[in-house]
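J.: Below you will find the structure I want to go over with you.
A short reminder: the numbers here are calculations on the coordinates, not readings from a lab. Here the structure is a predicted model, which is why all the values come from computation and not from measurement. We place every Cβ from the backbone using ideal geometry, glycine too, and count neighbours over all the protein chains shown.
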Amino acid sequence: MNATMTHRTDAARSDAIRRMELGEFLRAQRARLSPALFGLAAGTRRRTPGLRREEVAQLCGLSTTWYTWLEQGRDISLSAPALGRLATVLRFTPAERAYLFDLAGRRDPRQGADGEPAAPPALLATLPLIAGPAYILDAYWTALAWNKPAEILFTGWLDGEGDRNLLRFIFLNPQAARLIADFETRARRVLAEFRTDYSRHLDEPQMEALLTELSEGSAFFRQSWDEHSVLGREGGLRQFIHATLGALRYRQVTLNPTGRLDLKLVILAPFEEGQGS
């Protein structure tokens with residue numbers, strides 16, 4: 001068996017495991033809900049606790065067959081709206097809802113939805129406690145909040161009243177090339193890291209508008225984007241040439257807050273010799 005066939009077999013096995021886990025998860029959640037919560041009679045002919053499959057399907061506006069197949073771990077089409085209705089009817093907590101969408105391999109349309117804070121208040125409260133530059137990015141890499149050291153470091157981006165989008169700063173603001181050491185290499189890497197987030201939002205008008213603006217405003221962006229490089233947001237050495245502070249070196253750490261994979265907390269810690277790159 002060649003490498004390609006092995007990869008496909010492993011992927012198929014992984015998908016099957018995720019589908020079975022999804023089915024077991026739904027069965028367990030269905031069993032814990034009392035029919036009385038939904039105005040349904042408990043009756044004396046129920047063989048198992050909780051809701052029946054056909055009741056869940058009816059409450060969600062789904063076919064009983066489709067829902068049965070879902071619990072059986074069959075390979076069926078799953079839409080985000082259908083999963084959202086399931087999460088609502090089964091009264092999932094935010095963590096349970098996130099787990100449901102992860103198992104189904106779908107993006108939750110409620111991430112960052114209206115009525116939900118752009119960033120959790122507890123996360124915002126940590127920024128002033130961080131000694132080095134730190135900031136929070138949303139799914140489009142717009143800074144939602146930052147601390148004073150970040151404002152001082154990122155002149156042209158986080159100071160003043162300018163646009164807070166990191167990609168616009170890097171590719172459309174001339175100040176970025178003066179601030180960021182080894183600018184073209186770093187800019188290409190940032191774009192390769194951003195492409196991972198882009199894949200989760202590529203059908204959204206806001207994402208399309210951002211890419212159109214960057215493509216029309218920067219030939220360097222167009223060239224770099226067409227390279228189709230993809231990287232994880234790994235951190236490591238970050239170097240700057242600040243107009244007043246001079247040459248600066250940091251080690252970048254990027255964290256995803258629990259339950260908010262659409263957000264990134266980026267921290268720049270002082271770089272010490274011997275730490276590597």
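J.: Which one, His201, His228, His242, has the greatest fluctuation when you compute a Gaussian network model over the chain with C-alpha springs under 10 angstrom?
T.: Ranking His201, His228, His242 by mean-square fluctuation puts His228 first.
J.: Could you tell me how far the Cα centroid of the range 133-156 sits from the Cα centroid of the range 86-107, in Å?
T.: Here the answer is 30 Å between Cα centres.
J.: In a shell of Cβ-Cβ distance under 12 Å around Ala177, excluding Ala177 itself, what net charge do Lys and Arg (+1) and Asp and Glu (-1) give?
T.: On the way: positive: Arg178, Arg186; negative: Asp182, Glu184.
Here the count lands on 0.
J.: Grab every C-alpha pair in the range 86-177, bin the distances at 10 angstrom width from 0 up to the longest one, and report whole percents.
T.: In whole percents, the pair-distance histogram is 14, 35, 27, 18, 5, 0.
J.: Express in nm, to one decimal, how much length is gained between Leu144 and Arg74 on full extension, taking 0.36 nm for each residue of separation and deducting their alpha carbon distance. Intermediate values should be presented prior to the final figure.
T.: Working: separation 70, 0.36 × 70 = 25.20 nm, distance 4.05 nm.
Going from the current span to full extension adds 21.1 nm.
J.: Students often get this wrong, so try it: which of (i) 164; (ii) 149; (iii) 185 is volume of the Cα convex hull per residue in Å³ as calculated from the structure shown?
T.: Looking at volume of the Cα convex hull per residue in Å³ for this model, the match is (iii).
J.: Just grab the label-to-label distance for Leu59 and Asp182, each label 7 Å out from Cα along the Cβ direction, in nm (one decimal).
T.: Placing both labels 7 Å along Cα→Cβ, they lie 5.6 nm apart.
J.: Can you bin the range 121-270 into rounded, prolate or oblate? Criterion: square roots of the alpha carbon gyration tensor eigenvalues sorted a ≥ b ≥ c, rounded for a/c under 1.5, prolate for a/b above b/c, oblate for the rest. Let's see the in-between values first.
T.: Numbers: a/c = 1.58, a/b = 1.17, b/c = 1.35.
In terms of gyration-tensor shape, oblate.
J.: Another one. Which order do the peptides 136-147, 261-272, 15-26 take when ranked by the mean count of other beta-carbon atoms within 10 Å per residue, highest first? Working shown, then result.
T.: Values: 136-147: 20.2, 261-272: 17.8, 15-26: 16.0.
Ranking, from highest mean packing down: 136-147, 261-272, 15-26.
J.: Ranking request for peptides 155-165, 82-92: highest mean number of other beta-carbon atoms within 10 Å first, then the rest in descending order.
T.: On the way: 155-165: 15.9, 82-92: 18.6.
Listed from highest to lowest mean packing, they are 82-92, 155-165.
J.: Apply 1/(1 + (r/R0)^6) to the Cβ-Cβ distance of Ala247 and Asp159, taking R0 = 22 Å, and write down the FRET efficiency to the nearest 0.05. Spell out each step's value before the answer.
T.: Working: r = 19 Å, r/R0 = 0.88.
Calculated transfer efficiency: 0.70.
J.: Using a basic spin-label model with each label point 7 Å from the Cα along Cα→Cβ, how many nm lie between Glu213 and Ala118?
T.: It is 1.3 nm.
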